[in-house]
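**Q** The structure's right below; bear with me while I get my questions together.
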Amino acid sequence: MSILHGDKRAWRKSSHNQEYGISGNLLEWIKNFLSSRSQVTRVDSELSDACPLTSGIVQGSGLGPLLFVIYIDELAHVLSEYRVKIKFFADDLKIYAEISSDVDAINLQSVLSCVSDWAKRWQLTVSIKKCCILHIGKVNTDGAPAFSIDAVALPVCNFVKDLGITVNDTLAPCDHIAKITSKVFQRVNLLFRTFTSRDVSHLFRAYCTYVRPLLELYVIWSPSKMCDIRRVESVQQKFTKRLPGYRDLRYADRRKLLELDTLEQRRLKFDLVMCYKIVFGLVKLEFLEFFVTAAVTITRGHPYRLFVNLARHNVRKTFLQSCQILELPTRRFLILVLLIVLSVILIKLIFADFLIIQ
């Protein structure tokens, strides 16, 4: 599979005269909102001369993003005629295509030409230098087809940064985890340099507020390899070791004093919650895309015996697409843990009733 990743930041230009099924007073109001605008540059108390704006939308406005989405919606309809998948996010465009023959390669090149022609028709410029090709899976790079936009060849990359996430050609999270942990270590060092107080409670609260959310927001995969799990966990290990009076304690003892779970345990809890939401339809995700129910339902117990969909690669086995792109490390294991927890609670309730009766 090949993915075209394009960052069309130059697409902030938009024609003020485009009509998209809007007429009457609403159209006149939008025209008035976009027309006759100017901008100035301020340095301290000095202002430059006003410069009229002939195109663009108002940055930071509530209406601007909506107008831009309406503006580029036509491109989605145009590309729907081709055998590709597309994803938009603001002015970013990704094109997914499975290349198994020369016909598929020609089709993808036609898509690129279509995007370029559409942009020219609406007085836009595609930032070609920010576009690239990312091959997913085993690909013979020597025999891989070349793609171009306006006769400019697109480079083939081993990884690309997409919306803050580093994605490589194997979809493994190792590159992204390495970069985000490096960034988080810098945040930890900054925390200790800027906080004059060495009160443990203050430092711990700052860690939970400014450091840990970065790990749980950007580590979008629950790592399945021990090297990645340890790399993420090392942030919390080294932070707790730098707390006053905690240097000579073991990591388990430090966590016990702070009443702190490991990051792996926290990810497991998040995954269990997401699993529950998917199973019982509390999120807009298709159940069958992630799980397969047991064929035999006449045995004792509940009807939620789940199995993992077959996958050729480990990256799919340990990956769960979701609105937050969270992942279930091993779904059978998670269901087993959930059943164990429920069993323990049931045993405690039975034992409590037994004591009351006695």
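The values are calculated or read from the model by the stated rules, or taken from the named source; none is laboratory data. Please read these numbers as outputs of a predicted model, since none were measured by experiment. Reconstructed Cβ throughout: ideal geometry from the backbone, glycine too, with neighbour counts over all protein chains shown. The area values use the complete protein model at the heavy-atom level, side chains included, leaving out ligands, DNA and RNA. Shrake-Rupley method; radii C 1.70, N 1.55, O 1.52, S 1.80 Å.
**Q** Under 14 Å from a point placed 7 Å out from the Cα of Cys157 along the Cα-to-Cβ direction: which residues of the range 74-106 have their backbone N that close?
**A** 92-95, by backbone N distance to the label point.
**Q** Take Cys227, Cys131 and sort them by solvent-accessible surface of the protein heavy atoms, 1.4 Å probe, largest at the top. Provide the component values of the computation, followed by the final result.
**A** On the way: Cys227 85, Cys131 5 Å².
Solvent-accessible surface, decreasing: Cys227, Cys131.
**Q** To continue, here is another question. Please report the accessible area of Val40 (heavy atoms, 1.4 Å probe, ligands and nucleic acids excluded) in Å², nearest 10.
**A** For Val40, solvent-accessible area is about 80 Å².
**Q** Moving on. Trypsin sites (Lys or Arg not before Pro) within the range 100-193: which are DSSP loop residues with at most 11 other Cβ atoms inside 10 Å? Display every interim value, and only then the final one.
**A** Values: sites: Lys120, Arg121, Lys129, Lys130, Lys138, Lys161, Lys179, Lys183, Arg187, Arg193; in loops: Lys138.
Answer by residue number: Lys138.
**Q** Now for a separate question. Please work out the Cα center distance from the range 276-290 to the range 41-76, rounded to the nearest Å.
**A** 39
**Q** For the range 96-153, build the charge dipole from Cβ charges (+1 Lys, Arg; -1 Asp, Glu) around the Cα centre, then report which of Trp118, Phe147, Leu108 sits farthest towards its positive end.
**A** Ranked along the dipole, the leading option is Trp118.
**Q** Where only protein heavy atoms count, and the probe is 1.4 Å, what is the accessible area per residue for the range 89-133 in Å²?
**A** On the way: 2210 Å² over 45 residues.
For the range 89-133, the per-residue accessible area is 49 Å².
**Q** For a test of the definition: using alpha carbon positions, the gyration tensor, and the 1.5 limit on a/c, classify the range 17-95 as rounded, prolate or oblate.
**A** Values: a/c = 3.34, a/b = 1.69, b/c = 1.98.
In terms of gyration-tensor shape, oblate.
**Q** Heavy-atom accessible area of Val235 with all protein chains present, probe 1.4 Å, nearest 10 Å²?
**A** Counting only protein heavy atoms, the figure is 0 Å².
**Q** Hey, another quick one. What nm value, rounded to one decimal, do you get for the distance between Leu288 and Cys208 when each label is placed 7 Å out toward the C-beta?
**A** About 4.3 nm separates the two model spin labels.
**Q** Something else about it: Within the range 181-231, report the chymotrypsin sites (Phe, Trp or Tyr not before Pro) that DSSP leaves as loop and that have at most 10 other Cβ atoms within 10 Å. Before the final figure, lay out each step's value.
**A** On the way: sites: Phe185, Phe192, Phe195, Phe204, Tyr207, Tyr210, Tyr218, Trp221; in loops: Phe195, Trp221.
Sparse-neighbourhood loop chymotrypsin sites (Phe, Trp or Tyr not before Pro): none present.
**Q** Ok, one more. Between Asp199 and Val273, how high is the FRET efficiency from 1/(1 + (r/R0)^6) when r is the Cβ-Cβ distance and R₀ = 35 Å? Nearest 0.05. Numbers along the way, then the final one.
**A** Working: r = 32 Å, r/R0 = 0.93.
Efficiency for this residue pair is about 0.60.
**Q** Subtracting the Cα-Cα distance from 0.36 nm times the residue separation, let me have the gained length for Ser182 to Val69 in nm, one decimal.
**A** Details: separation 113, 0.36 × 113 = 40.68 nm, distance 3.51 nm.
Computed gain between Ser182 and Val69 is 37.2 nm.
**Q** Could you tell me which of rounded, prolate or oblate describes the range 28-169, using a ≥ b ≥ c as the square roots of the eigenvalues of the alpha-carbon gyration tensor, with rounded for a/c under 1.5 and, failing that, prolate when a/b is larger than b/c and oblate otherwise? The partial results should precede the final answer.
**A** On the way: a/c = 2.60, a/b = 1.96, b/c = 1.33.
Prolate, because a/c is 1.5 or more and a/b exceeds b/c.
**Q** Can I ask one more? Convert each backbone phi in the range 276-292 into a coupling constant with the Karplus relation 6.51 cos²θ - 1.76 cosθ + 1.60 (shift: θ = phi - 60°), then list the ³J(HN,Hα) values in order as whole Hz, x for Gly and Pro.
**A** For the range 276-292, the Karplus curve yields 4, 5, 5, 4, 9, x, 8, 10, 7, 10, 6, 4, 6, 6, 10, 10, 10 Hz.
**Q** Hey, if you put +1 on the Cβ of every Lys and Arg and -1 on every Asp and Glu Cβ in the range 178-227, which of Cys227, Ala206, Leu191 ends up farthest toward the positive end of that dipole?
**A** Checking the options against the dipole of the range 178-227, the answer is Cys227.
**Q** Would you tell me the accessible area of Ser148, worked out with a 1.4 angstrom probe on the heavy atoms of the protein chains, in Å² to the nearest 10?
**A** Using a 1.4 Å probe on the heavy atoms, I get roughly 30 Å².
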